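The values are calculated or read from the model by the stated rules, or taken from the named source; none is laboratory data. In this text the structure is predicted, and so the values were computed from the model without any measurement. Because the Cβ atoms are built from the backbone with ideal geometry, glycine has one as well, and the counts that use them run over all protein chains shown.
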Amino acid sequence: MKFISALVFLQCLLISMISKADPTSALIKSYAVSRNLPIIDAVREFIHQNSDHGEGVWNQAHGNDNAYVLDHLYRTAIGDISAKRPELLCGNRSTAMQALLSNLGIRSRTIYLYSQYSGSFMGHVFVEAMNPATGSWEIQDADYNVAYEDEDGHRLGIAQMIATSDFSKVYPVNAVARGWEAVKVERLMIGQFFNLAYSPTEGMLYYNQQASDTGLVAAAETYIHTNFGKANYIPAQIGSTLVRPLLVFKGGVYEHERVPLPD
């Protein structure tokens, strides 16, 4: 009995020491339990709820200082009145998420999306995380606070998103909502951000037929080589659909109706 009591004491002491050494991880774990969330989702929600999207004065001064960002995320979460609520862009939030996932022993990698919607070359950044429960990579977007799943509730990775031919069978989801309009991510669909993605860690450039035929692949490759230097990757066409129908929202419910995409 004394031996068991000693073990229990040591376990409690170890947990206490870990919490003091990494208070943010301890807070996220508590957050996950209290809201019945998978730990990866809890990290995403933690970042989104304790920061704002923006590129103002705070972001320009501190957005690329990830240690500073993480400190103020934690202090904002615990209600420290001396903390400044972080103002972050999608890339900053992704960097913060990767650091927090790493502290929890969860692998992740950066994913860059590119689009030429309306004739402008645009980008968006999120992470793919290795779900320890499923052993699969899944999209985790801390900027829009969203993951994606299929009709059966299975989480989707970026390759699956690009290959899909029907957005009505894809469901954006977070802790409080499910659906393109409910989660407020229809902008990414309408802006054609799921036609091409660059995964530098994986060494892959995923794209579908529409990205190839509209010149997006060539534009993205030029951008990658200009901004990433010598980049080694494998181009992989994984979707054959030329034009995917957008979802038409009527009263909050989307209907199967084909909408022509911009040239």
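Please specify each residue of segment 96-107 satisfying the condition of being under 23 Å from TYR206 (Cβ atoms), outside any loop (DSSP other than H, G, I, E, B) and over 10 Å from the mean Cα position of the chain (by Cα).
The one that is under 23 Å from TYR206 (Cβ atoms), outside any loop (DSSP other than H, G, I, E, B) and over 10 Å from the mean Cα position of the chain (by Cα): LEU101.
Can you tell me which residue in segment 1-44 is modelled with the lowest pLDDT, limited to those that are surrounded by fewer than 10 Cβ atoms within 10 Å (Cβ to Cβ) and among the hydroxyl-bearing types (Ser, Thr, Tyr)?
SER5
If I ask for residues that are part of a loop (DSSP other than H, G, I, E, B) and either among the aromatic types (Phe, Trp, Tyr) or modelled with pLDDT of 85 or more (or both), which ones from segment 232-263 would you list?
Residues satisfying the conditions are ASN232, TYR233.
Which one of these does GLY56 not meet: (1) loosely packed, with under 14 Cβ neighbours inside 10 Å; (2) modelled with pLDDT under 95; (3) of a type outside the set (A, V, I, L, M, F, W, C)?
(2)
Of all the residues that make up segment 77-95, how many are over 16 Å from the mean Cα position of the chain (by Cα) and surrounded by fewer than 18 Cβ atoms within 10 Å (Cβ to Cβ)?
8
Scan segment 198-230 for residues that are touching a strand residue (DSSP E or B) at 6+ places or on another chain (Cβ under 8 Å) and not in a helix (DSSP H, G or I) and report the count.
Count: 11.
So ALA133 passes all but one of these: (1) in contact with a helix residue (DSSP H, G or I) (Cβ under 7 Å, 6 or more places away or on another chain); (2) in a loop (DSSP other than H, G, I, E, B). Which condition number does it fail?
In the conditions (1) in contact with a helix residue (DSSP H, G or I) (Cβ under 7 Å, 6 or more places away or on another chain); (2) in a loop (DSSP other than H, G, I, E, B), ALA133 misses (1) alone.
Could you grab me the full set of residues in segment 143-164 that are part of a strand (DSSP E or B) and surrounded by fewer than 20 Cβ atoms within 10 Å (Cβ to Cβ)?
GLU149
Quickly run through segment 91-104 and pick out the residues that are in contact (Cβ under 8 Å) with a residue 24 or more places away in the chain and under 25 Å from LYS29 (Cβ atoms).
Listed by number, the residues that qualify are ASN92, ARG93, SER94, THR95, ALA96, MET97, GLN98, ALA99, LEU100, LEU101, ASN103, LEU104.
List pairs: first residue in segment 132-147 and closer than 13 Å to HIS53 by Cα, second residue of a type in the set (Asp, Glu) and not in a loop (DSSP other than H, G, I, E, B) anywhere in the structure, Cβ distance under 7 angstrom, at least six positions apart or on different chains.
As it stands, the answer is ASN145/GLU45, since those pairs meet every condition given.
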